[in-house]
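Here is the structure we will look at.
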Amino acid sequence: MRYLLRRGGFFLLTLWAALTLNFFLPRLMPGSPLQALRDRTHNKLSPAALQELLTSYGFKPDENLAVQYVDYLGNMVTGHWGVSIGGSLGVPVTTIIGEALPWTLGLVGVTTVLAFLLGSLIGTVAGWKRGGRLDAVLPPVFVITSALPYFWIALLMILVFSVWTGGALPSDFNYETGLQPAFTGEFIGSVLRHAVLPSATILITSIGGWILTMRNNMITTLAEDYVRMGRAKGLSGRQIMLGYAARNAFLPNLSGFAMSLGFVIAGSILVEYVFNYPGLGYLLYNSVQNVDYPLMQALFMLFTVAVLVAVLACDLATVWLDPRARAKG
Amino acid sequence: MRRTKLVPALVALALALAATACSPSKQQPTPDSSEDIAADMGPHKQGGSVTIANVTGQTWTCQFNPFNPAVNQTSNGFVYEPLVFVNLLQDQAETPMLASSYEWNAEKTSIVFTVRDGVKWNDGQPLTADDVVFTFELMKKEPATDLYALWTGAGLQSVKGEGNKVTLSFAQAAQPYFFNFANQVVIVPKHVFGAGEAAASPATWANPNPVGTGPFKVDPCTANNIQYVANPSYWQPGKPYIQKVQYPAYLDNGPANQDLASGKAQWGSQFIPGIENFYLNKSPDNHTWSPPVTNVALIPNLDPSHAATSKLEVRQAIASAIDRARVAEIGEGGQQPAANQTGVVLPTFQKYYDGAAVASAGYDKPDAARATSLLSGLGYSPSNPLKLSVITVTGYTDWDASLAVIKQQLAPVGIELTVVDLAQQTYNERLFKGDFDLAYYGQAGGPTPYYELRQILHSANTAPLGTEATTNFERYKNPAVDALFDKYPTADDAGQVQIIKEISGFMLRDVPIIPVTESVDWFQYNTSDIRGWPSPQNPYAQPAAFNIPDVGQVLLHLYSKSAQK
């Protein structure tokens, strides 16, 4: 119990520190929302009117920073995240995030789960048949691909599968612009087609890590006595591979997976940027570009909370699964 | 209109590498024959649909408040209309819109608009003088809606309505502001903006279903696309000819340009690198015509604390050394013309241009020898070069290319130029506050050179170093030039031309900025079905879709060929 309280207290403390950083970091950035707006409107409009406009959207540059900070902490907790003062000038931050979140969860979330499952499976088989044909090909290939930069793979994908094929697979956006979002076959098909290249990019670059750890864990586990015992009992190879070795080798991967889920929400900024996929990563890029304080704050907070919750969940799961973690608590 | 970014530029590079058999062909605006222009005059049958590819870098917010500058390019011209349209490309040619006529008093301090009869808002209510008065009064009541500083800067004193007449009275002659208050301000309905939520906060109201007088209505808007349908009760009978407009949200130039090349979108409004192979050669129906409107210039810091750039000889040397035609050819791929030292954009503002003065000042052609001797007079030479840095924006690849050419041209005369690529935010901060030796920058303009030059040169637009200047970033202060600008509003047409020529003289003498290339209105168009586009023969409006309210004029001219049968 004391352990849980300590974890909870630590969670709150980290959250506060992160929120504080989220408030001050954007304000230490060069530039101001007004300058960004002046630039976007080509300096054609009266700076006084623009300043006035930003003020009516809740931008208060002249207010005492300490007062702003206290207001900000309160607003973050109560869900009053404000209105965008950047590219989507005037749209409530919650609306903007609400529109982008499902796309990121769908794209990056599904792909992360897929990469994890596929990677673990390949790692299991490769570790089981050490030195076999599969082991000789897949792990090295994917280790190399995960060392390649995201955006480079993305550009290559666009070139090969979109440009060279004359646009067979779309290279940008989340669905065909002419369509209305609806539960029709056409719309869902369009969404899936637009997700192919970005998700393939994420899959290719992230699967290697899972394969490698799983394979190595398998090899260690396979040397354990209980595996030999299983063999001695005359169990089938498949039973030993999955029920004896993989089951235990899987545990470290699982906690790694819990952690990586936290990062799903932050999207894959570069992938979303290259494919113009209107998810949270693209939103973050845009908000930084336009010095959009309210949107940046809300996004940073979401990212921090997601990672912190994932870590906390991971901690709790470990306590529940592994008695050794509890012992000293 | 977003400039090309790094990643898409890489894609473009990859494309260029992948492209085989590059057949060079001359880039030309493909002149329409005079028959076509006659055919374009109309009237035409209604029908057809046009798709716009104008990159805004974000999904649509589906807000249509004309006072919100982040979104008004999707409402002004489409749904909302001004009193009078002023054409920048045709020597301020005017098209009466919601005002059927107007009259200045002799001193040009007061103007009376006659509001057009028979105009209806798209909810069926009639447009009245009350609406016009309300629009201007709103800007006084809500400073955030006064985007053109009419009540504060232009000296607007009062707005009075009587019958179908509306009188605007100014503290001083206000003719130069006509472009702003008649052409850029759009009229909003009092019965909508004066009631409920809109009345409580007119500047920030979302306005999801805009009620306007314009040729189109929004139906529907999603984050990815705005569809406009023709307003059946539009006040110009038979118009618009085009019945639907699709305006997809493009996050980046790459996909927008792809859609233009494939013909999926017909109306382009951004830079296409390697336009010959990428766009023009793809179809005989693909055309481009990008009229120059303003300058892209090297802005030297004239503050005495910047010892080198505040010296006239240094600026003269730079202005002489740069071969502007080569910068335009190499840096901008020939898609922007070279600028000249007077800052008068050619050929758009030809009548204000004093070619003889440019020649006698020696800026009609590059003169490296003069630059070398000016710099050696200051003790600099290629072996002992003057070190200067120029700030520009990361990702503006055409600017980078232009500056690389400039750097090469300055080296042999004794200037070592360092190009400093900055993130947009940092660049803005340093440009506005004057923290640079040289900056590469382009201003917005207006219907005569007065607007751009006044922004650049008038001392009212500057500020001390460390404080944000409005538009005079080089910090030029000259009472004689200020006096010329202040005389401009009361002068007649010939007098105004004369004043611009005198100001050009100061541009040649003081070299306050060094114009390098002319910034253009990027425009590509496909004629396979849609006709009636603005062209060099018929430049009836600025052609790029981000120009408001010009976009409305273009929409009123477009028609579908297939609908004419």
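For this structure, a couple of remarks:
- Condition met for A:Asn248 (more than 14 Å from chain B (Cβ to nearest Cβ), over 19 Å from A:Thr111 (Cα atoms) and either not in a helix (DSSP H, G or I) or not basic (Lys, Arg) (or both)): yes
- Failed item in (1) aliphatic (A, V, I, L, M); (2) exposed (fewer than 14 other Cβ atoms within 10 Å of the Cβ); (3) within 18 Å of A:Arg247 (Cα to Cα), with A:Leu121 passing the rest: (2)
- In this structure, A:Gly82 does satisfy being buried (at least 19 other Cβ atoms within 10 Å of the Cβ), modelled with pLDDT under 90, within 14 Å of chain B (Cβ to nearest Cβ) and at positive phi.
- Tabulated pairs, the range B:350-370, first closer than 19 Å to B:Ala411 by Cβ, second of a type outside the set (Ser, Thr, Tyr), C-beta under 7 angstrom, 6+ apart or interchain: B:Pro366/B:Ala321; B:Pro366/B:Ile322; B:Pro366/B:Asp323; B:Ala368/B:Ala321; B:Ala368/B:Pro412; B:Ala368/B:Val413; B:Arg370/B:Gly362
- Residue list for the range B:370-395, restricted to those being surrounded by fewer than 21 Cβ atoms within 10 Å (Cβ to Cβ) and in a loop (DSSP other than H, G, I, E, B): B:Leu378, B:Gly379, B:Pro382, B:Ser383, B:Pro385, B:Thr394, B:Gly395
- Qualifying residue in the range B:118-133 (condition: in contact with a strand residue (DSSP E or B) (Cβ under 8 Å, 6 or more places away or on another chain), closer than 26 Å to B:Ala173 by Cβ and of a type in the set (D, E, K, R)): no
- Qualifying residues in the range A:19-36 (those that are part of a helix (DSSP H, G or I) and facing another protein chain (nearest Cβ under 7 Å)) - the one nearest to B:Leu431 (Cα to Cα): A:Gln35
- Matching residues, the range B:395-425, being touching a Leu at 6+ places or on another chain (Cβ under 8 Å) and touching a residue at least 40 places away in the same chain (Cβ under 8 Å): B:Gly395, B:Thr397, B:Leu403, B:Ile406, B:Leu410, B:Val413, B:Gly414, B:Ile415
- Filter pass, A:Glu99 being within 14 Å of another protein chain (Cβ to nearest Cβ) and out of contact with any Leu (no Cβ under 6 Å at 6 or more places or on another chain): yes
- Residue under evaluation A:Val70, criteria (1) outside any helix (DSSP H, G or I); (2) without any contact (Cβ under 8 Å) to a residue 40 or more places away in the chain; (3) surrounded by fewer than 16 Cβ atoms within 10 Å (Cβ to Cβ), criterion not met: (1)
- Test: residue in the range A:159-166 that is over 22 Å from A:Asn276 (Cα atoms), within 25 Å of the chain's Cα centre (by Cα) and part of a helix (DSSP H, G or I): no
- Residue in the range B:259-269 that is nearest to the other protein chains (Cβ to nearest Cβ), counting only those that are surrounded by 24 or more Cβ atoms within 10 Å (Cβ to Cβ) and either part of a loop (DSSP other than H, G, I, E, B) or at pLDDT below 90 (or both): B:Ala265
- Condition met for A:Arg6 (in a helix (DSSP H, G or I) and within 21 Å of A:Ser84 (Cβ to Cβ)): no
- Residue in the range A:203-226 that is in the same structural domain as A:Val125 (by TED's automatic domain parsing), modelled with pLDDT under 90, surrounded by fewer than 22 Cβ atoms within 10 Å (Cβ to Cβ) and part of a loop (DSSP other than H, G, I, E, B) present: yes
- Boolean, A:Asp71 is more than 12 Å from chain B (Cβ to nearest Cβ) and either basic (Lys, Arg) or out of contact with any strand residue (DSSP E or B) (no Cβ under 6 Å at 6 or more places or on another chain) (or both): yes
- Residue pairs meeting the criteria (Cβ under 8 Å; at least 6 apart or on separate chains; first within 9 Å of chain B (Cβ to nearest Cβ), in the range A:282-295; second of a type in the set (D, E, K, R) and assigned to a loop (DSSP other than H, G, I, E, B)): A:Asn286/A:Asp292
- Leading residue by the ranking (surrounded by the most Cβ atoms within 10 Å (Cβ to Cβ)) among those in the range B:434-457 that are assigned to a helix (DSSP H, G or I) and in contact with a Phe, Trp or Tyr (Cβ under 9 Å, 6 or more places away or on another chain): B:Leu453
The values are calculated or read from the model by the stated rules, or taken from the named source; none is laboratory data. In this text the structure is predicted, and so the values were computed from the model without any measurement. All Cβ positions, glycine included, derive from the backbone under ideal geometry; neighbour counts span all protein chains shown.
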